[in-house]
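Encoded as structure tokens, the structure appears first; notes follow it.
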Amino acid sequence: MAMKNGSHKSPLVTVGADGNEWQQTSPTGAPGDVIGPGELPPDLPEGRRYVGFCRACRDFTELGDDVSCQRGGHTRDSVKVILELGRDEPLPHMPALNLGALFMPALWGPVHGQWYMILFYPLWLFLDNLIYGTVHGQGVPVLTVIACLLTAGFTIYYGLTANSYGYMRAAADKTPEEYLHTERRWTVAFVLLAVLFLVFATWYNLAVRPQGA
Ligand SMILES: [Zn+2]
């Protein structure tokens with residue numbers, strides 16, 4: 001991997017402790033400079049420090065001498081990415097919720113290498129039919145409510161874990177700032193699309209769809 005220069009393009013080291021399946025979905029397949037289980041990252045010049053991305057915390061953390069997570073007390077197995085920063089540079093922060101993944105999981109997934117998330121399209125169609133049927137007295141209301149709650153629950157969980165997955169996948173190629181910049185653009189596009197989807201579905205169900213269909 002090519003070394004990146006400048007304070008925000010610092011060299012990056014990833015830990016290959018337990019398979020790191022996310023490395024295989026990296027757009028360039030580049031895992032960065034890997035250190036194996038038990039290995040310590042190279043010594044740093046004066047004034048520099050290592051920080052890590054903890055998968056358990058889903059956020060960046062200062063590191064202990066044994067590369068453990070100082071934020072949540074997790075072992076180094078949870079620390080999936082190691083970044084070099086200046087002594088006084090602030091710790092990057094990963095937002096807990098990815099709004100693009102929350103509003104448009106069926107698009108956020110494929111854009112980030114999770115092609116199976118296109119299954120959300122038939123799921124939405126199925127839910128739409130369930131709701132439509134229930135509103136018009138044909139479905140089983142309890143089942144409709146359960147199906148909607150399950151889908152909502154999974155979507156929220158997906159939105160909460162998306163940044164962890166998305167950043168680890170991009171970590172070899174993007175700084176945290178670059179990753180978040182890209183995600184902000186996806187979020188704007190996906191939220192606009194979600195609103196369009198909702199407007200279209202509402203219009204279709206109210207104005208176009210024949211009663212009892
Ligand atoms: Zn942690």
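The values are calculated or read from the model by the stated rules, or taken from the named source; none is laboratory data. Note that the structure is a prediction, hence the values are computed from the model and not measured. When we count neighbours, we look across all protein chains shown, and the Cβ atoms used for this are built from the backbone with ideal geometry, even at glycine.
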Filter result (crowded, with 17+ Cβ neighbours inside 10 Å and polar (S, T, N, Q)) within the stretch 63-86: 68, 78
Cross-chain or 6+ apart pairs with Cβ under 9 Å, the stretch 46-62 first and under 16 Å from residue 172 (Cα atoms) and within 12 Å of the ligand (Cβ to nearest atom), then small (Gly, Ala, Ser) and assigned to a strand (DSSP E or B): 60/52
Failed criterion for residue 96 (all others in (1) crowded, with 19+ Cβ neighbours inside 10 Å; (2) touching a Leu at 6+ places or on another chain (Cβ under 7 Å); (3) closer than 20 Å to residue 170 by Cβ hold): (1)
Filter result for the condition that a residue is farther than 20 Å from residue 104 by Cα and surrounded by 13 or more Cβ atoms within 10 Å (Cβ to Cβ), over 144, 182: 144
Residue within the stretch 117-133 that is in a loop (DSSP other than H, G, I, E, B) and either in the same structural domain as residue 205 (by TED's automatic domain parsing) or within 16 Å of the chain's Cα centre (by Cα) (or both) present: no
Residues located in the stretch 70-99, provided they are within 12 Å of the ligand (Cβ to nearest atom), within 16 Å of the chain's Cα centre (by Cα) and in a loop (DSSP other than H, G, I, E, B): 94
Some residue of the stretch 65-87 being modelled with pLDDT of 95 or more, among the small types (Gly, Ala, Ser) and over 22 Å from residue 182 (Cα atoms): yes
